[in-house]
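Readers should treat all values here as calculations from the given coordinates under stated rules, not as data from a laboratory. Fair warning: this is a prediction, and the values are worked out from it, not measured in the lab. A quick note on method: Cβ atoms are made from the backbone with ideal geometry, for glycine too, and the neighbour counts reach across all protein chains shown.
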Amino acid sequence: MTDKRDSHFYENDAALIDAMLEGDSTAFETAVALYHPRMVTIAKAIIGEAFAEEIAQDAWMSAIRSLSEFAGRSSLNTWLIQITANAAKTRLRREKRQVSLDENWQEKETADRFDHTGHWQEPVSQWELETPEAILANDQLSDIISKTFEQLPPQQQAVLSLYDLEGESMSEICNILDLSASNARVLLHRARSAIQQKIAQYQDND
Amino acid sequence: MLKCRQIEQLASDYLDKDLSFRQRMAFKLHLFICHNCRNYVRQLKITITSIKLMPANQIIVDDKTKALAKVLRENASKQ
């Protein structure tokens, strides 16, 4: 059975943690619903799909063990992401494997947008819905944005999520995901561009 | 002179104010003469703000979430 709940049911991190320490099942469910998908995204970005779920679950176990010591120096979200990232990096070293992520993804699509002289193949039009509010008020477009976000390759999704949704600094993102600054910026742009292209397709066809 | 392809590649850096002064000037000069790139940069800017404003007021608590939450709660209570 699936329930939808208000993400702000607990006023802040401290209230959520207190409820978890008291063994409140709603608090555990809220924390998992809020943070587990983000933790899986981070794990996927570092080690790939195969181990991501397991890493995220192990990270939860570590977090629960030290929950009472969580001092609130960072947000609960940042703390959980750091535990997950560290677990994924440790596992990656142990597996001694190179994870192939994002390669060639979207390159063809991007390449096709320009001619051999580097100019746009097709004219770029002004959007009819040209404010973020108008876009998000359109159910289909809002759905397109969410679906495209969910389908992004793991590293792109992680960088976009950390930078645009959670407001982390680029240096912190590079640290969490073990990326160079130039790689992180390319991934961020590819992710944004993928969503922009989907919105453009919808607006051009409408 | 930057090409449209380069404008596309640098657009996020431009909007995040992550270009050097020289690159920024070259970027702006291209935008001044190219309406396709002006439209593209505007589209990207709207996209970024839309992403940032995506509503996250609701969370989904499905069976998988409940199962993991139960395991975690049981583990916490053993400590």
Pairs over 23 Å Cα to Cα, from B:Lys17/B:Lys45; A:Lys44/B:Lys3; A:Lys147/B:Lys17; B:Lys3/B:Lys45, come to A:Lys44/B:Lys3; A:Lys147/B:Lys17
1/(1 + (r/R0)^6) with r = Cβ-Cβ of B:Asn36 and A:Thr131, R0 = 22 Å, i.e. FRET efficiency to nearest 0.05, evaluates to 0.60
Per its Cα gyration tensor (rounded if a/c is under 1.5, else prolate when a/b beats b/c, else oblate), region A:107-205 is best filed as oblate
Diffusion coefficient in µm²/s returned for chain B by Stokes-Einstein, Kirkwood Rh over C-alpha pairs, 10 °C and 1.306 mPa s, is 99 µm²/s
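Could you work out [θ]222 nm for chain A from helices alone, using -39500 (n - 2.57) per DSSP H run of at least four and dividing by all its residues? Round to the nearest 500 deg cm²/dmol.
Value at 222 nm, helices only, nearest 500: -20500 deg cm²/dmol.
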Semi-axes of region A:1-61 from the Cα gyration tensor (sqrt of 5 times each eigenvalue, largest first, whole Å) come to 24, 13, 10
Checking rank on A:190-200, A:47-57, with mean other Cβ inside 10 Å and highest first, the result is A:190-200, A:47-57
Between the Cα axis of helix B:4-15 and the main Cα principal axis of chain B, the angle (0 to 90°, nearest 10) is 60 degrees
Dipole check, chain A, charges on Cβ (K,R +1; D,E -1), about Cα centroid: among A:Ala59, A:Leu162, A:Ser25 the Cα furthest to the positive pole belongs to A:Ala59
Looking only at lysines whose Cα falls under 21 Å of B:Lys78's and that sit 8 or more positions away or on another chain, we get B:Lys66, B:Lys70
If each K or R counts +1 and each D or E counts -1, the residues other than A:Asn86 whose Cβ falls under 13 Å of its Cβ total +2
Given B:44-50, A:72-78, the highest-first ranking by average Cβ count within 10 Å works out to B:44-50, A:72-78
In debye to the nearest 20, the charge dipole size for region A:13-95, taken about the Cα centre with +1 at each Lys and Arg Cβ and -1 at each Asp and Glu Cβ, equals 500 debye
Any helix of chain A counts here only if DSSP assigns it H throughout, its Cα atoms span 20 Å or more along the axis, and its mean Kyte-Doolittle hydropathy is at least 1.0, and such helices are none
Along principal axes, largest first, the alpha-carbon spread of chain A in whole Å comes out as 61, 43, 32
Asserting the computed 222 nm helical MRE of chain B (DSSP H runs at least 4 long, -39500 (n - 2.57) per run, divided by residue count, to nearest 500) equals -24500 deg cm²/dmol
Measuring from the longest principal axis of the C-alpha atoms of chain B, the long axis of helix B:63-78 (C-alpha) lies at a number of degrees, nearest 10, equal to 60 degrees
